[in-house]
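Colleague: Below: one structure in structure tokens.
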Amino acid sequence: MIGAIIARQAVKSGFDALNERNLDKFMKAWGDNCIWIYPGKVTAGGRFVGKDEVRKWFEKFQYQFPQMKFIINHLGVGNIFDLVGNNVISAQWDLELVNKDGMSFSNSGVTLLTIKGAKVIQGQDFMTVSDGDEYKMLWGDIK
């Protein structure tokens with residue numbers, strides 16, 4: 001049970017770091033060979049492998065969205081008895097953001113994090129995304 005409390009607090013701290021735009025603090029939780037998977041048919045969509053590539057993705061995210069706020073509604077822990085830092089954590093969130101062109105948007109989704117040895121080895125967002133023009137405009141893929 002203590003492991004679950006620690007894992008939940010670590011994930012909450014990660015989202016707080018994103019809200020604070022503190023990418024160094026955020027990336028400390030990620031392993032060297034981590035993977036980030038982001039949905040949608042936009043330039044930001046896809047699979048990003050290795051800590052450098054994952055960091056670049058989040059740098060682009062922060063650049064594209066200079067204003068953002070994650071609101072965590074629920075954190076789920078796969079193994080409440082974990083004591084060694086191996087777990088799967090789900091975070092259900094709402095997100096309010098403004099892109100660099102001043103376009104406001106809100107979204108809801110779930111981030112699934114696989115943790116091994118107290119480091120994130122894989123993260124993946126699940127959300128309802130439109131592959132239409134509004135979503136592409138948010139990411140700056142079309143003007």
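The values are calculated or read from the model by the stated rules, or taken from the named source; none is laboratory data. Please read these numbers as outputs of a predicted model, since none were measured by experiment. Neighbour counts are summed over all protein chains in view; Cβ atoms, including those assigned to glycine, are modelled from backbone coordinates with ideal geometry. These accessible areas exclude ligands, DNA and RNA; they are computed on the full protein's heavy atoms, side chains included. Shrake-Rupley method; radii C 1.70, N 1.55, O 1.52, S 1.80 Å.
Colleague: What is the helix-to-structure angle for 51-64, meaning the angle in degrees between its Cα long axis and the longest Cα principal axis of the chain, kept from 0 to 90 and rounded to the nearest 10?
Modeller: With both axes taken from Cα atoms, the answer is about 40 degrees.
Colleague: Given Cα pairs under 8 Å that are at least 6 residues apart, what percent is the relative contact order of the chain?
Modeller: Reported as a whole number, the value is 26 percent.
Colleague: Mind checking the full-extension length gain between LYS41 and LYS56? Use 0.36 nm per residue of separation minus the Cα-Cα distance, one decimal, nm.
Modeller: 3.6 nm
Colleague: For a quick check of understanding: with a 1.4 angstrom probe and all protein chains in place, what accessible area in square angstrom does GLU20 have, to the nearest ten?
Modeller: 110
Colleague: So I have (1) 12, 42, 35, 10, 1; (2) 11, 41, 39, 9, 0; (3) 11, 29, 27, 22, 10, 2, and one of them is P(r) over Cα pairs in 10 Å bins from 0, in percent calculated from this model. Which one is it?
Modeller: (1)
Colleague: For the chain, what is the mean residue ellipticity at 222 nm derived from helices alone (per DSSP H run of n ≥ 4: -39500 (n - 2.57); sum divided by total residues; nearest 500 deg cm²/dmol)?
Modeller: Rounded to the nearest 500, it is -9000 deg cm²/dmol.
Colleague: Continuing with the same structure: Against the longest principal axis of the chain, how steep is helix 2-19, in degrees 0 to 90 to the nearest 10, with axes from Cα atoms?
Modeller: Here the helix axis deviates by roughly 20 degrees.
Colleague: Sticking with the crude label model, points 7 Å out along Cα→Cβ, report the distance from ASP94 to ASP24 in nm, one decimal please.
Modeller: 3.3
Colleague: Next question. Kindly report the accessible area of the chain per residue (heavy atoms of protein chains, probe 1.4 Å, no ligands, DNA or RNA), in Å².
Modeller: 54
Colleague: Sort out for me the Cα centre separation of the stretch 81-107 from the stretch 1-78, rounded to whole Å.
Modeller: 7
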